[in-house]
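Q: Input: one structure, supplied below.
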Amino acid sequence: MPTRSPEIDVLFVNWRDSTHPEGGGSERYVHRMAEGLAAAGLRVSMFCAAHDRAPAEEIVGGVRVVRRGGRLTVYPQALLHVMRTRPRLVVDVQNGLPFGSPLVTRRPVVNLVHHVHREQWPIVFGRVGGAIGWWLESVVAPRLYRRSRYVTVSTATADELAGLGVDRERISVVRNGVEPAPRVAVLRSAEPRLVVLGRLVPHKRVEHALEVVARLRDRWPGLRLSVVGEGWWDEELRARAAALRVTDIVDFTGHVDEQTKHEELARSWVHLCPSVKEGWGLVVTEAGSHRVPTVGYRSAGGLRESVLDGRTGVLVDDLDELTAAVDGLLHDDDRRLAMGEAAARHAASFSWGASIRAFAAVLASAVRPDVPAAPGSAPVAVVQDVDRLVALLLDGVVGVERGLDAGDRSDAERGASAEGDEHGDQGLHSGTRFRGVRRRTVTLEGNRVIHNTDSTTIPSQQA
């Protein structure tokens, strides 16, 4: 007899969710992927840390969100949740520290990495704590996930993962989408206005934005800077603004709603992104949707792809160049406006619908490594929709081909299978047909296959 179907088809384990006070672009990415899969008919859940802004459990966009534990205790609690719920597939979101889901499940685990934290560890945890964190990320994690497929948001991060020993053929790039910019009732500021948006934490280096306005205020008497966001580094930044004597021209907005955030972007002339590292930089495309170019650091990694240097913004190497680039854009109206128009076109080339389809293709190839994500192509290719993943998880395609339910196999059979398949019996309850499940249809915007504007497949040498 087929085994009873589990309550969860896809489980995301993540340090935070998008409602968390320290949530940011990576959390929004995870939510959009989860909600897209749920809209297609899968039972999707997310396990993340608890906080005082949301209940312990709720349904968000069709996704059951379970919040338990704190900054560090969320990790063991997540593993217990994986063991208890036995999801068919786990998406393990590695934000520096790995959850280690492969230790507690033999089902497929996909490791989602937005960026590698090499530079951030010592900034946040000091020399000793940073060294331990980097060892966990660079040595332990690649071994834990040595049989797992990886997905990341930029080729820069993919290259860094490969440098840590992750096989390139196991790495897929699925870039961020972007929401259509909402209508705003504000106009571009008459006086020069800069904006920096994100979590207020040390590695975002908002101090560099404060330094820029301190250096330029005499040249631009009407200059202002909006610091949009919140975080535990807030008091340090306010103290730095006071030391630089720029408190009168810097607006710390704190946390704002989506509409207010877009209004802050829309009234700005230039967006600053001085982060140490960005996997992609979702706010870059959000600013671009309001025709606002970005100036950021080339060394941040993902910005080399979200910012088209010299076309949609400017990439620089140090604080002096950052200041000079901002000053140059404030002076040259024609160049700044042209970059803003190009940034809007670039932002319009990305959609969450395409990202969801690409993400589903990666998950499908993790469930069935022997079946390419698209006919005649590598596993990292993109399919047009999520039907293949839904079929694998809901319709028991594995069972149709093998004629056997995973729960009916003997231990010896499972062991023999594992020898010939790198995922062993991470296969799903293959004979279960879920005839009572109601398939839902999701409409995904646009016809693009992936928001890599020049290809539908990420070649392994570029992934």
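The values are calculated or read from the model by the stated rules, or taken from the named source; none is laboratory data. Keep in mind it's a predicted model, so treat the numbers as computed, not measured. Here the Cβ positions follow ideal geometry from the backbone for every residue, glycine too, while neighbour counts run over all protein chains shown.
Q: Would you be able to tell me the number of residues in region 285-315 that are among the polar types (S, T, N, Q) and in a loop (DSSP other than H, G, I, E, B)?
A: Going through region 285-315 one residue at a time, the tally reaches 2.
Q: Kindly provide the set of residues from region 226-258 that are exposed (fewer than 14 other Cβ atoms within 10 Å of the Cβ) and at positive phi, ordered by number.
A: Result: Arg245, Gly254.
Q: Taking the conditions exactly as written (in contact with a helix residue (DSSP H, G or I) (Cβ under 6 Å, 6 or more places away or on another chain) and part of a loop (DSSP other than H, G, I, E, B)), does Thr105 satisfy them or not?
A: Spelling it out, Thr105 is indeed in contact with a helix residue (DSSP H, G or I) (Cβ under 6 Å, 6 or more places away or on another chain) and part of a loop (DSSP other than H, G, I, E, B).
Q: A further question on this structure: Residue pairs, Cβ under 9 Å, 6 or more apart or interchain, first in region 219-247 and farther than 20 Å from Glu191 by Cα and among the polar types (S, T, N, Q), second in a helix (DSSP H, G or I) and modelled with pLDDT under 95. List them.
A: none
Q: To continue, here is another question. Let me spell it out: the conditions are (1) modelled with pLDDT under 90; (2) over 26 Å from Gly302 (Cα atoms), and Val66 meets all of them except one. Which number is the exception?
A: The single condition Val66 does not satisfy is (1).
Q: Please verify whether Gly62 is in contact (Cβ under 8 Å) with a residue 24 or more places away in the chain, buried (at least 19 other Cβ atoms within 10 Å of the Cβ) and not assigned by TED's automatic domain parsing to the domain that holds Ala300, treating the condition exactly as stated.
A: no
Q: I'm checking my understanding of the structure. Among residues of region 311-340 that are closer than 27 Å to Arg118 by Cβ and of a type in the set (Gly, Ala, Ser), which one is surrounded by the most Cβ atoms within 10 Å (Cβ to Cβ)?
A: Gly313
Table: residues versus (1) outside the structural domain of Leu308 (by TED's automatic domain parsing); (2) in contact with a Lys or Arg (Cβ under 6 Å, 6 or more places away or on another chain); (3) in contact (Cβ under 8 Å) with a residue 24 or more places away in the chain; (4) farther than 29 Å from Ser45 by Cβ.
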| residue | (1), (2), (3), (4) |
| --- | --- |
| Thr85 | yes, no, yes, no |
| Val90 | yes, no, yes, no |
| Gly100 | yes, no, yes, no |
| Arg106 | yes, no, yes, no |
| Val109 | yes, no, yes, no |
| His117 | yes, no, yes, no |
| Arg127 | yes, no, no, yes |
| Thr155 | yes, no, yes, yes |
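Q: Going through Asp251, Asp159 one at a time, which residue ends up being modelled with pLDDT of 90 or more and in a helix (DSSP H, G or I)?
A: Asp159
Q: Still on this model: Considering region 206-218 alone, what residues qualify as being out of contact with any strand residue (DSSP E or B) (no Cβ under 8 Å at 6 or more places or on another chain) and touching a residue at least 12 places away in the same chain (Cβ under 8 Å)?
A: Matches in region 206-218: Glu207, Glu211, Ala214, Arg215, Leu216, Arg217.
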